[in-house]
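Report on one structure; see the data block that follows.
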Amino acid sequence: MDATETPAPDQHIASAASSERIIEMTGVNKWFGAFHVLKDIELVVRRGERIVVCGPSGSGKSTLIRCINHLESHQEGQIVVDGTELNADVRNIDAIRAEVGMVFQQFNLFPHLTVLENCTLAPIWVKKLPKAEAERIALAYLERVRIPEQVHKYPLQLSGGQQQRVAIARALCMRPKIMLFDEPTSALDPEMIKEVLDVMVELAKEGMTMLVVTHEMGFARMVADRVIFMDQGEIVEQAEPETFFNNPRYDRTRAFLSQILAH
Amino acid sequence: MAEPARTFRAKPDRPAPAQTVGAVGWMRRNLFSSPANTALTLIGAYFAYWVIATVVDWALLDAVWQAETRRECLDAVGRSGACWPGVFVWFENLIYGLYPKDQIWRVNAGFALLVAWLVPLWLERVRSKVAIGVSAVLAYPVLASYFFLGGDKGFLWSASIAAALTAFVWVWATAIAERRTGRTLGELVLARADALDADPRHHRRLLFYTAAAGWLVAYALVALWYLPYVTTNDWGGLFLTLVISGIGITFSLPAGVVLALGRRSELPVIRLICTVFIELFRSVPLITILFMFTTMLPLFLPVGVEVDQLVRAIVAVCLFASAYMAEVVRGGLQAIPRGQYEAAAAMGLGYWQATRLIVMPQALKIMIPTIVSTFIGFFKDTTLVSIIGLFDLLNMARAIGEDTDWLGLFIEPFFVVTLIYFAFCFAMSQYSLNLERRLDTGQRS
Ligand SMILES: Nc1ncnc2c1ncn2[C@@H]1O[C@H](COP(=O)(O)OP(=O)(O)O)[C@@H](O)[C@H]1O
Ligand SMILES: [Mg+2]
């Protein structure tokens, strides 16, 4: 779990959060059938803020961030993303999704398209950019995630770490305002975790609004403005990393942290 | 105290032992790896020799090549050699049915046109391949049916033929333009008119006028063009088999895609309609569907409306084939992980975009072997149209043995028909293997 060394607190990247509320969840409840998966979620994210979400498996972390781009729909409460409320008959859901990038645990690259085509697909078809322009942007981002000379390969010819970096570049090519990461390093071999986290740290330095579900506590200490702990569908506790790691308020949080930092 | 770290150096690669590579290595591993394997190899080789020798004796060495009737053949060699003259006399019918002899060039021209239409798809540096493929599916049948049918044409018929002709000219013009200049015909036209930078609506209008001008010229030519009418009753043999199976196969893929998507739709009505259709046509043998269409269709049509027997057969085959193809495509769709849909949705792609760009290409690709097997099945199933009195390749072969001169001559025509079917089906399956290899992007590694 501690693939990145825990940095000293002064290595924490300065917060870029503004006062503008870019995500607002109020009284959000969600059920899968009879199973109550999200309970009275209250969450405000400001533009430029970086939030790390952690918690035991099955606590609803994925469901929470998937509600933000409406991959899951909630039944009660209000979610407002960049001024648009998400509800059942939201018409411009595709427009919102175009502004919210998402990176998945399993990468979910398109195996039938080359790395470059993976990155240009949505800009061409959703943003209607000319192909040359989309390629220029894609090459720039692929360079930034350090995928050199691989742009004409197919995803399955790359290593896991490379694939995840392509997935990040693919999301960035849409020039999103918010990036959601759902356990981006959990499916990777240990030696590849760092190369992906490095890319995410750089992204954080540039002031991207990020919601990251991860158990990489070193990353959380260095990057997060706020760490959120979830259990059984509830946000148990949220605090700045300093407070969260050194002085958690709830016993549940302490138990979780001691488990995850044990080795 | 720790020793200083040692430097690791990888050993250089050595070539594999000689017994495991090359032709000798291959034979050792695959044919003679054990006594049992060696025995099987020898028995198999002897069996293959025996079959081939028997067939060669019958078909070539002992065969009769010149005779007037089957009687003469029997007198000469009995049953130990093939009697080819009967097949020679009937060969044209095996291929073209009863199509008038002086008009047969039209059938050949129609198939040559298909090849000409498809050739640009295999050329390098051609960019508009999708559009060319679509034009082949939509426009080629119009032009081909006038070649095959002929007869008088009203305005609509002429207009469609002219449009198809325009499409064909466009296919080759743009293919040549793209190979020579790297730009499509449309781009060249716009460049010529200095309109590349103008607003897109202007582009569309300019291209539309160019196409319309092409169509007018084509219309004038088509109006002057007349081919005598040939009734579908005279169609037969390989020609008929290819027409029925070609239409069935071409129709089944898009229809199957639509039905498969419909069956997975979130709208209950659409899902119900598609499910009922698929299950209905899949649970009834093709023969039954063919029978129903010939005997029961008139009940549903107004009195006096006659539907050509061939059209009935084609409609029946199309419905049957699309129901089957729908299930094949659905199998492919089920193999696509949810993450693919989610990744597409998360980037803002809508349902149709995700289906067309992400899901379908992958689903169809994994299903290529099954799709082609199904095609091969359809191709062979067309032999059933003989039930409703059409003289397809197989039925034509059977007819030879009923000719008074060649009474009882069945084996030879069936042998030839077997070779023809084999050639087509083998070509299809080889093409599918080739396609799989070319589209492979590493999933199977
Ligand atoms: N589509 C679904 N249908 C039913 N239950 C689901 C579905 N997705 C997730 N769940 C359940 O909801 C709970 C929370 O899931 P999830 O948000 O994925 O948790 P986490 O990401 O924190 O591990 C789990 O118990 C899971 O089994
Ligand atoms: Mg999860």
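The values are calculated or read from the model by the stated rules, or taken from the named source; none is laboratory data. Since we're looking at a predicted model, the values are computed, not measured. Using ideal geometry, Cβ is built from the backbone for each residue, glycine included, and neighbour counts are taken over all protein chains shown.
Tabulated values for the structure
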{"quantity": "Residue within region B:305-324 that is in contact with a Cys (Cβ under 9 Å, 6 or more places away or on another chain), part of a helix (DSSP H, G or I) and either crowded, with 17+ Cβ neighbours inside 10 Å or free of Cβ contacts under 8 Å to residues at least 60 places away in the same chain (or both) present", "calculated": "no"}
{"quantity": "Any hit, region B:168-187, residues being farther than 24 Å from B:G246 by Cα, of a type in the set (S, T, Y) and either touching a Leu at 6+ places or on another chain (Cβ under 7 Å) or part of a helix (DSSP H, G or I) (or both)", "calculated": "yes"}
{"quantity": "Search result, residues across region A:147-165 that are touching a residue at least 40 places away in the same chain (Cβ under 8 Å) and within 21 Å of A:D182 (Cα to Cα)", "calculated": "A:P155, A:L156, A:L158, A:G160, A:Q163, A:Q164"}
{"quantity": "Helices (runs of 4 or more DSSP H) contained entirely in region A:91-145, each with at least 2 residues that are surrounded by 22 or more Cβ atoms within 10 Å (Cβ to Cβ) and of a type in the set (S, T, N, Q)", "calculated": "A:115-125"}
{"quantity": "Enumeration of residues in region A:37-52 that are of a type in the set (A, V, I, L, M, F, W, C) and in contact (Cβ under 8 Å) with a residue 40 or more places away in the chain", "calculated": "A:V37, A:L38, A:I41, A:L43, A:V45, A:I51, A:V52"}
{"quantity": "Qualifying residue in region A:26-49 (condition: within 16 Å of ligand 1 (Cβ to nearest atom) and within 14 Å of another protein chain (Cβ to nearest Cβ))", "calculated": "no"}
{"quantity": "Set B:A82, B:A67: member being surrounded by 14 or more Cβ atoms within 10 Å (Cβ to Cβ), free of Cβ contacts under 8 Å to residues at least 40 places away in the same chain and touching a Cys at 6+ places or on another chain (Cβ under 9 Å)", "calculated": "B:A67"}
{"quantity": "Residue tally, condition within 16 Å of ligand 1 (Cβ to nearest atom), of a type in the set (G, A, S) and within 17 Å of the chain's Cα centre (by Cα), over region A:194-248", "calculated": "1"}
{"quantity": "Boolean, B:T404 is exposed (fewer than 15 other Cβ atoms within 10 Å of the Cβ), at pLDDT 95 or above and either over 19 Å from B:L286 (Cβ atoms) or among the hydrophobic types (A, V, I, L, M, F, W, C) (or both)", "calculated": "no"}
{"quantity": "Filter result (within 14 Å of another protein chain (Cβ to nearest Cβ) and in contact (Cβ under 8 Å) with a residue 24 or more places away in the chain) within region B:344-402", "calculated": "B:T355, B:V359, B:M360, B:Q362, B:A363, B:L364, B:K365, B:I366, B:M367, B:I368"}
{"quantity": "Qualifying residue in region B:330-339 (condition: within 10 Å of chain A (Cβ to nearest Cβ) and at positive phi)", "calculated": "no"}
{"quantity": "Considering residues of region B:243-259 that are within 17 Å of B:V372 (Cα to Cα) and among the aliphatic types (A, V, I, L, M) only, the residue nearest to the chain's Cα centre (by Cα)", "calculated": "B:I249"}
{"quantity": "Residue tally, condition more than 8 Å from chain B (Cβ to nearest Cβ) and free of Cβ contacts under 8 Å to residues at least 40 places away in the same chain, over region A:97-146", "calculated": "19"}
{"quantity": "Single match in B:L286, B:L299 (criterion: of a type in the set (A, V, I, L, M) and either within 17 Å of B:I387 (Cβ to Cβ) or modelled with pLDDT of 95 or more (or both))", "calculated": "B:L286"}
{"quantity": "Qualifying positions in region B:329-381 - basic (K, R) and over 16 Å from B:L439 (Cβ atoms)", "calculated": "B:R330, B:R338, B:R356, B:K380"}
{"quantity": "Some residue of region A:75-86 being under 18 Å from the mean Cα position of the chain (by Cα), surrounded by fewer than 22 Cβ atoms within 10 Å (Cβ to Cβ), of a type outside the set (V, I, T) and modelled with pLDDT under 95", "calculated": "yes"}
{"quantity": "Subset of region A:162-187 (residues that are more than 11 Å from chain B (Cβ to nearest Cβ) and of a type in the set (D, E, K, R))", "calculated": "A:R165, A:R175, A:K177, A:E183"}
{"quantity": "Residue in region A:59-68 that is free of Cβ contacts under 8 Å to residues at least 12 places away in the same chain, more than 10 Å from chain B (Cβ to nearest Cβ) and within 29 Å of A:T185 (Cα to Cα) present", "calculated": "no"}
{"quantity": "Residue within region A:50-61 that is in contact with a strand residue (DSSP E or B) (Cβ under 6 Å, 6 or more places away or on another chain) and more than 16 Å from ligand 2 (Cβ to nearest atom) present", "calculated": "yes"}
{"quantity": "One residue from A:E206, A:E191 being closer than 19 Å to A:H12 by Cβ, modelled with pLDDT under 95 and either within 16 Å of ligand 2 (Cβ to nearest atom) or away from chain B (no Cβ under 14 Å) (or both)", "calculated": "A:E206"}
{"quantity": "Filtered residues of region A:165-187 (kept if within 16 Å of ligand 2 (Cβ to nearest atom) and within 10 Å of the chain's Cα centre (by Cα))", "calculated": "A:L180, A:F181, A:D182, A:E183, A:P184"}
{"quantity": "Qualifying position, being closer than 30 Å to B:L227 by Cα and of a type in the set (G, A, S), among B:A45, B:A67, B:A109, B:A53", "calculated": "B:A109"}
{"quantity": "Qualifying position, being under 20 Å from the mean Cα position of the chain (by Cα), among the basic types (K, R) and under 18 Å from B:G350 (Cβ atoms), among A:R97, A:R91", "calculated": "A:R97"}
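Conditions tested, residue by residue: (1) out of contact with any Leu (no Cβ under 7 Å at 6 or more places or on another chain); (2) assigned to a helix (DSSP H, G or I).
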residue: B:Q66; (1), (2): yes, no
residue: B:S80; (1), (2): yes, no
residue: B:A109; (1), (2): yes, yes
residue: B:A112; (1), (2): yes, yes
residue: B:R127; (1), (2): yes, no
residue: B:G133; (1), (2): no, yes
residue: B:L143; (1), (2): no, yes
